[in-house]
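K.L.:
Provided herewith is a single structure, encoded as structure tokens, for subsequent inquiry.
The values are calculated or read from the model by the stated rules, or taken from the named source; none is laboratory data. These numbers were taken from a predicted model, which means no experiment stands behind them. Virtual Cβ from ideal backbone geometry, glycine too; neighbours counted across all protein chains shown.
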Amino acid sequence: MLQPDNTQADECVSNENLLLEYSYGKIWCAPAMIVVDLVRKKYEKSCEKEVRTMCPYSILALLVTGCVVGFASGLLGVGGSFIMVPVQYWIYTGMGIDADIAIKMAFGTNMFVVLPTALSGFYVHRKRGAVWWKAALFLGSCGLVGAAAGSTIASHIPGNILKITFGSVILAGGIRMLTARPPRIDAEPQENRLVWILCGLPLGLITGFVGIGGGVVMIPAMTLLMKFNMHRAVGTSTAVMMLTSIGGLIGYIINGWTVEGIPSPHLGYLYIWSGLALAVTSVFMAQVGARAAHLLPAIKLKRIFIVILFYMGLKMLGFFEWLNLTI
């Protein structure tokens with residue numbers, strides 16, 4: 001767990017309840033954040049302004065992040081974007097990459113990693129019978145189109161707006177799941193293709209715009225609007241994410257193809273070294289997380305999900321910096 005420095009100890013004591021509320025989120029993110037902090041300190045020793053190549057500390061940070069992301073993806077049915085995007089953004093800006101380009105690189109690379117990670121978790125959930133195939137195909141195919149459109153729009157939006165939007169979206173998802181009364185599910189959810197289409201397109205648009213696989217917004221929609229139970233929502237969302245990530249990735253590659261200031265090797269906004277480093281560990285850990293998901297009660301899954309959404313959403317919005325908390 002990351003600890004505040006000595007000068008901030010008294011303030012953190014006065015905010016004990018706040019820290020306890022986010023303790024689980026800190027545990028999940030602590031390994032990656034420790035390594036990212038080392039990367040920052042290493043880069044701060046250099047006064048050069050030009051874009052630097054990725055150092056071993058950065059690669060280590062991404063490998064650790066991949067482990068956390070993979071486990072979260074399999075456990076919670078999300079792409080892990082709420083962890084991957086912030087970590088990548090901090091590394092890229094530490095390398096000297098312009099913040100506007102850095103956030104879009106984080107989005108594009110994130111879409112690349114979501115695909116194999118979701119596929120890995122999907123394999124386990126499918127064997128457990130937690131994937132509703134028909135719903136996944138309708139939601140995913142519509143989400144693919146929406147994600148391609150969303151990523152195209154995002155490529156022409158200033159990076160600071162995207163950063164704030166990203167934090168706001170995942171924070172809103174956490175608030176909604178925290179305050180909404182859990183639906184009573186006495187029977188299987190009804191097949192409704194129109195609802196799937198109407199939900200898939202805008203959800204895909206959101207995922208492409210903020211560079212996420214879709215689980216962060218898809219699971220609340222499935223549980224609250226479509227009356228999925230939590231385990232089925234987690235399993236089905238992994239299938240949906242495979243398709244939304246393809247749509248978003250295509251958009252970020254095409255729209256970033258001629259952009260200058262992205263270190264090589266890259267395909268548009270996809271930075272290949274980051275993508276590979278994240279994917280190597282996340283694919284394996286996704287299966288571990290998927291198996292763990294079926295050993296935990298649905299209420300615990302939901303609580304873990306909400307805590308992590310709150311933590312990373314507030315982190316990207318700069319809330320903890322405003323409170324002078326180094327968490």
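K.L.:
Output the qualifying pairs, or none if there are none: Cβ atoms under 7 angstrom, residues six or more apart or on different chains, first residue in region 85-112 and part of a loop (DSSP other than H, G, I, E, B) and modelled with pLDDT under 90, second residue surrounded by fewer than 24 Cβ atoms within 10 Å (Cβ to Cβ) and among the acidic types (D, E).
P.N.:
If the second residue must be surrounded by fewer than 24 Cβ atoms within 10 Å (Cβ to Cβ) and among the acidic types (D, E), the pairs left are G96/E50.
K.L.:
Could you please let me know if M241 is surrounded by 18 or more Cβ atoms within 10 Å (Cβ to Cβ) and farther than 21 Å from L63 by Cα?
P.N.:
So M241 passes the test.
K.L.:
Is it true that some residue in region 271-286 is buried (at least 16 other Cβ atoms within 10 Å of the Cβ) and not in a helix (DSSP H, G or I)?
P.N.:
yes
K.L.:
Could I ask something else about it? In this structure, does N255 turn out to be touching a Phe, Trp or Tyr at 6+ places or on another chain (Cβ under 8 Å), among the polar types (S, T, N, Q) and either surrounded by fewer than 21 Cβ atoms within 10 Å (Cβ to Cβ) or free of Cβ contacts under 8 Å to residues at least 60 places away in the same chain (or both)?
P.N.:
Numbers: touching a Phe, Trp or Tyr at 6+ places or on another chain (Cβ under 8 Å): yes; among the polar types (S, T, N, Q): yes; either surrounded by fewer than 21 Cβ atoms within 10 Å (Cβ to Cβ) or free of Cβ contacts under 8 Å to residues at least 60 places away in the same chain (or both): yes.
Against the criterion (touching a Phe, Trp or Tyr at 6+ places or on another chain (Cβ under 8 Å), among the polar types (S, T, N, Q) and either surrounded by fewer than 21 Cβ atoms within 10 Å (Cβ to Cβ) or free of Cβ contacts under 8 Å to residues at least 60 places away in the same chain (or both)), N255 qualifies.
K.L.:
While we're looking at this one, here's another question. Being farther than 13 Å from G108 by Cβ and of a type in the set (G, A, S) is the filter here; which residues of region 227-268 pass it?
P.N.:
A233, G235, S237, A239, G261, S264, listed by residue number.
K.L.:
Return yes or no: is I262 touching a strand residue (DSSP E or B) at 6+ places or on another chain (Cβ under 8 Å), at pLDDT 80 or above and part of a loop (DSSP other than H, G, I, E, B)?
P.N.:
Details: touching a strand residue (DSSP E or B) at 6+ places or on another chain (Cβ under 8 Å): yes; at pLDDT 80 or above: yes; part of a loop (DSSP other than H, G, I, E, B): yes.
So I262 passes the test.
K.L.:
Then there is this: If a residue must be surrounded by fewer than 24 Cβ atoms within 10 Å (Cβ to Cβ) and hydrophobic (A, V, I, L, M, F, W, C), how many such residues does region 211-227 contain?
P.N.:
So the count comes out to 4.
K.L.:
I've got another one for you. Would you pick out the residues in region 80-107 that are within 22 Å of L60 (Cβ to Cβ) and of a type in the set (G, A, S)?
P.N.:
If the condition is that a residue be within 22 Å of L60 (Cβ to Cβ) and of a type in the set (G, A, S), then G80, S81, G94, G96, A102, A106 are the ones that fit.
K.L.:
Determine which single condition A180 fails, assuming it passes every other condition in (1) in contact with a Lys or Arg (Cβ under 9 Å, 6 or more places away or on another chain); (2) modelled with pLDDT under 85; (3) surrounded by fewer than 17 Cβ atoms within 10 Å (Cβ to Cβ).
P.N.:
So A180 meets the others, but not (1).
K.L.:
Let me ask something else. Can you tell which of G150, G208, G174 is of a type outside the set (F, W, Y), on the phi < 0 side of the Ramachandran plot, modelled with pLDDT under 85 and buried (at least 20 other Cβ atoms within 10 Å of the Cβ)?
P.N.:
Values: G150 fails: modelled with pLDDT under 85; G208 fails: modelled with pLDDT under 85.
Criteria check complete, one pass: G174.
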